[in-house]
1. What is the sum of charges around residue 236, taking Lys and Arg as +1, Asp and Glu as -1, for the other residues whose C-beta is under 14 Å from the C-beta of residue 236?
2. Leaving out ligands, DNA and RNA but keeping every protein chain, what accessible area does residue 149 have, in Å² rounded to the nearest 10, with a 1.4 Å probe?
3. Please report, in debye to the nearest 20, how large the charge dipole of the range 147-234 is about its Cα centre when each Lys and Arg carries +1 at its beta carbon and each Asp and Glu carries -1 there.
4. How far, in nm, would the chain grow between residue 243 and residue 85 when pulled straight, counting 0.36 nm per residue and subtracting the alpha carbon separation?
5. Which Cα, out of 215, 170, 103, lies furthest along the positive dipole direction of the range 85-234 (beta carbon charges, K/R +1, D/E -1)?
6. Could you let me know the centre-to-centre spacing of the range 242-281 and the range 192-214, using Cα atoms, in angstrom?
7. Write down the accessible area per residue of the range 248-334 in Å², having rolled a 1.4 Å probe over the full set of protein chains.
8. Only four residue types carry charge here, +1 at the Cβ of Lys and Arg and -1 at the Cβ of Asp and Glu. Report the dipole size of the range 387-481 about the Cα centre in Debye, rounded to the nearest 20.
Amino acid sequence: MSELVKLGLKEASEKIKNKEISSVELTSALLERIDARNENINAYVEVVHDKALEMAEASDKRIKDGNARLMEGVPLGIKDLFCTAGVPTTACSNILKGFTPAYESTVTKNLWKTGAVMLGKTNLDQFAMGSSNETSAFGTVKNPWDEERTPGGSSGGSAAAVADYMCLGATGTDTGGSIRQPAAFSGIVGLKPTYGRCSRWGIVAFASSLDQAGPMARSVEDAALMFRGMSGYDPLDTTSADMPIESFDENLDDLSLKGLKIGLPKEYFVDGMDEDIKKVTYDAVARFKAEGAEIVEISLPHTKYAVPAYYIVAPAEAASNLARYDGMRYGQRVEGENLDDTYTKTRTAGFGDEVKRRIMIGNYTLSSGYYDAYYSKAQKVRALIADDFKKAFAKVDVILTPTAPTPAFKTGEKVSDPIQMYLNDIFTVATSLAGLPGISVPSGMVNGMPVGVQFIGKAFDEKHLLKVAFAHERMTGFKPLDVK
Ligand code: GLN
């Protein structure tokens, strides 16, 4: 294996800019790594060898001409939920097999404008619904730390590709935890930005009031650089925030931890929680304390309603968003005897079980007579959850929690029990409902598997959040996966 694949994203872009290595060399090394590993790990559902090398050549030419850009020549994996012009985009569902978009999502367009290179499209839970990558129509993904375990989901392909050195960074999307939980399971960094930071335009919609794209990488600095490359205001997305793009990757080390107020929500540390997860999280707390941070117990009293509220709001929006897959406009069609029959046959054959479950839940909760009892109530709970965070952030600068209730579980362990699977999102969904940024950073090892902690920040305070995460990373000294 070429040592080039182990380079950090920022490090690699600097080496390319200094002409120590070329993008073509680096891209070829990564394609080789993918060719050697992907058959087993299944992180990519499409590898674009020719396009990657073309993009790398263009990058090397820009270097030669003295026109280097921010992330010049750096090869990335793209979650197969982002539309990529001329490259198939499936959301890992049979219903979109054969669909090749004519346009590029804003986030990926932004990345290519910074000089980054696309290696291919990564596997995910079908339509991003799941926590283990097991709902993908392309088969599940193996966790490179232990191949019997899941890398988490829904951005499981991206997480495994980053952890296993099949790219330097990858895009993820997070509706209720899909960047943070797979990052925690796979020993990498994953940032879910504030809702509105990254444009949703051209990303296959799951739950539009929650969906947010973000970076996944092997270090905080790399995630910060990628975030800088992908974020920004977009008039094509009406919920896009008109905020300046900051130099998120710079001066990450200038935060003094003395007096930094870190909130620990008592509702996230309850009897019966996994002892190993508790220990890893408290170890992180102790390290911050030793450097002078102030630890403050806070309360987020509506936390217990976050999972039920999320599993009403998200399926309701999903049911509406997925109405467009009728066999007429995109992907697969199964001809029926008449129009209605064609719709039914197409959707029956095209959607997987978990997607169907969400559509049924969503249509039920939105139907007249049930709307007030479920959807409208869940929206009220959502407001209360957001209010809990507002009150907490009057007292603290950042909140620290576990990312997931357990380390990576075994493939097959939870797939037949949706409630067990949904409970995996217990520490991530509240942040999503409140639209706040959250980052998962590796924090320790339990029985050979990595475990992450989550830092939650104030809205649009990612720069500060990244600095806290960077300090944590420095104190933890976590070692990425060791491969030969
Ligand atoms: N696991 C959650 C779900 O299944 C979150 C998914 C996501 O964030 N895309 O809905």
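The values are calculated or read from the model by the stated rules, or taken from the named source; none is laboratory data. Keep in mind the model is a prediction, meaning the values are calculated, not measured. Ideal geometry is used to build each Cβ from the backbone, glycine not excepted, and the neighbour counts take in all protein chains shown. The protein model used for the area step is the full one, side chains on, heavy atoms only, and it has no ligands, DNA or RNA in it. Shrake-Rupley method; radii C 1.70, N 1.55, O 1.52, S 1.80 Å.
1. Net of charged neighbours comes to -2.
2. Looks like 60 Å² after rounding.
3. It comes to approximately 220 debye.
4. 54.2 nm
5. 103
6. 22 Å
7. Averaged over the residues of the range 248-334, the accessible area is 48 Å².
8. Dipole size: approximately 280 debye.
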